[in-house]
Amino acid sequence: MTLRETQGSGVSVRTADAIRQESEHAAHNYHPLPVVVESGEGAWVTDVDGRRYLDCLAAYSAVNFGHGNPRLVEAAREQLGRITLTSRAFHNDRLAPFVAELAALCGKHMVLPMNTGAEAVETGIKVARAWGYRVKGLAADAANIVVMAGNFHGRTTTIISFSDDPDAHEDFGPYTPGFRMVPYGDSAAVAAAIDEETVAVLVEPIQGEAGILVPPADFLPEVRRITRERNVLLIADEIQSGLGRVGATFACDLVGVVPDLYLLGKALGGGIVPVSAVVGDSDVLGVIRPGQHGSTFGGNPLAAAVGLEVVRMLATGEPQARARLLGARLHERLASLVGRGVVALRGAGLWAGIDIDPSLATGREVCEALMRRGVLAKDTHGSTIRLAPPIVVEEADLDWAVDQLEAVLVELRG
Ligand SMILES: *Cc1c(COP(=O)(O)O)cnc(C)c1O
């Protein structure tokens, strides 16, 4: 963003200065809204000029439990005073309870802790391939993995190799081979893509970055049936959809599906530290032996202490119930906007993808208008915006956010 643009939108000198300095020295791999956040509490953030905004993105669901969640901050603070990093050359006393309780939350036996979501995806790919060679008995380098069109699994070179989003993919080759893409939601295409050398199907149970796309209700159960029948692993990327967002622990729960591997991240770190994990049973995760995979920071005591507290909050079922209840409210309110500036609405729990009538405005323009009214949201793919406030949001605040969207649409429709 140039200075002229920031001045044109009537922002303060402090905000303009911060944006100009960031724009000059931070690589332009994002296009942020012109708001400079200084602090946050619960579902609200405050900018450098003291203006408050309802955070309806929640850092892409990494802040499911709210900014500065007292229980999570306390767990982090206590751990900061003890020890933060040991490396896994030694044991640390926070890792054992974290992995045991996370495995139990997932109904699985074993956890491989990492840091970012992309690392969890990379780890899942490595585990599936090693399982293919060591358990399924495939010839070296023969393994293939079935992935979905429209996927978003992160930004590493292997992951973007199988992205069909040109922005994510183009000019970053040569690409990692071994992936085949099928249309999302098409279980017959999944069945047709699987051959003797397929080790896994990698799927987001709900596609987040693609615009909160919910597949047909029989898709995942069918993929589960097919993968079981063909001795192929089902890997669910629940990095954004998991850990309470959809009104259940996992989006897979909504359709009664249990994958072989869960990929987790984002909210697992409570919005405080990056924490990710691959969770499965020992017949799969057990294929990784000492020295074959790792991370300097993965499983560190600070991450484990915060992750453990996140797991304990989810083990009560309360965040899931709240997301279910508030989500029903949100979707009911949003449904009244369909035909009044909204052309389509999707989602589950406290997670909504809203297609704005493209003749009215782009998603970006709607998000800018919402920002001026005190609501922070993020557009995706042209005219879609998504709402995903922290699960701790108050019902009245949620209603107010929908009121602001309604007002923006009324303005646009003239
Ligand atoms: C965000 C996301 C990732 C990548 O996580 P990072 O922590 O940004 O690397 C992977 N998969 C899904 C579904 C995501 O939403």
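The values are calculated or read from the model by the stated rules, or taken from the named source; none is laboratory data. This is a predicted model, so every value here is computed, not measured. Cβ: placed from backbone, ideal geometry, glycine included. Neighbour counts: every protein chain shown. Keep in mind that these areas ignore ligands, DNA and RNA; they rest on the heavy atoms of the full protein, side chains included. Shrake-Rupley method; radii C 1.70, N 1.55, O 1.52, S 1.80 Å.
Of note:
- Amide H to amide H distances under 5 Å link A344 with D355, where only residues 5 or more positions off or on other chains count and H is placed in the peptide plane.
- For the chain, the 222 nm mean residue ellipticity estimated from helices alone, with every DSSP H stretch of n ≥ 4 adding -39500 (n - 2.57) and the total spread over all residues, rounds to -11500 deg cm²/dmol.
- Region 222-238 - phi-based ³J(HN,Hα) in whole Hz, Karplus 6.51/-1.76/1.60, Gly and Pro as x: 5, 4, 4, 4, 5, 5, 5, 4, 9, 6, 10, 6, 9, 10, 9, 7, 9
- Inter-part distance where region 99-118 and region 163-203 are each reduced to a Cα centre, Å: 25 Å
- Amide proton proximity set for V375, modelled H, under 5 Å, gap of 5+: L54
- With the biggest extent put first, the Cα atoms of region 271-348 measure 58, 24, 24 Å across the principal axes.
- J(HN,Hα) series, region 355-363, from Karplus relation 6.51 cos²θ - 1.76 cosθ + 1.60, nearest Hz, glycine and proline x: 8, 7, 3, x, 6, 8, 5, 7, x
- For region 134-143, Karplus couplings with θ = phi - 60° (6.51, -1.76, 1.60), whole Hz, Gly/Pro x: 8, 10, 7, x, 6, 5, 3, 6, 8, 5
- Using alpha-carbon coordinates, inclination of helix 70-80 to the longest axis of the chain, degrees: 60 degrees
- Net charge over other residues, Cβ less than 9 angstrom from the Cβ of V199 (K, R count +1; D, E count -1): +1
- The amide H of E38, built 1.01 Å from its N in the peptide plane, has T46, D47, V48 as neighbours under 5 Å, considering only residues 5 or more places off or on other chains.
- Cα convex hull, region 96-232: 127 Å³ per residue, rounded to a whole number.
- Per-selection Rg to Rh, region 83-171 - Cα, Kirkwood hydrodynamic radius: 1.05
- Relative intensity, log₁₀ I(q)/I(0), of region 70-317 from a Debye sum that treats every alpha carbon as a point, q = 0.18 Å⁻¹: -1.43
- Estimated at the nearest 10 Å², the accessible area of I212 is 0 Å² with a 1.4 Å probe.
- Computed over protein heavy atoms with a 1.4 angstrom probe, the accessible surface ordering of D260, D47, largest first, is D260, D47.
- Taking the empirical scaling 2.2 N^0.38 Å for compact globular proteins as reference, region 356-414 has a Cα radius of gyration ratio of 1.09.
- The alpha carbons of the chain occupy a box of 63, 52, 42 Å along the principal axes, longest dimension given first.
- Solvent exposure of W44, expressed as accessible area, is near 40 Å², computed with a probe of 1.4 Å over the protein chains only.
- Rolling a 1.4 angstrom probe over the protein heavy atoms with all chains in place gives the chain an accessible area of 43 Å² per residue.
- Relative to the longest principal axis of the Cα atoms of the chain, the long axis of helix 395-413 lies at roughly 60 degrees.
- Helix 13-25 axis versus longest C-alpha principal axis of the chain: approximately 30°, rounded to the nearest ten.
- Under conditions of 25 °C and 0.890 mPa s, region 1-124 yields 135 µm² s⁻¹ as its translational diffusion coefficient, taking Rh as the Kirkwood radius over Cα pairs in the Stokes-Einstein equation.
- In Å², nearest 10: area of M181 left accessible to a 1.4 Å probe: 80 Å²
- Calculated log₁₀ intensity ratio I(q)/I(0) where the Debye formula runs over C-alpha points of region 332-383, q = 0.15, 0.20 Å⁻¹: -0.39, -0.71
- For the chain, share of DSSP beta bridges that run antiparallel, in % to the nearest 5: 65 percent
- Accessible-area ranking of E229, E74, E122, largest first, probe 1.4 Å: E229, E74, E122
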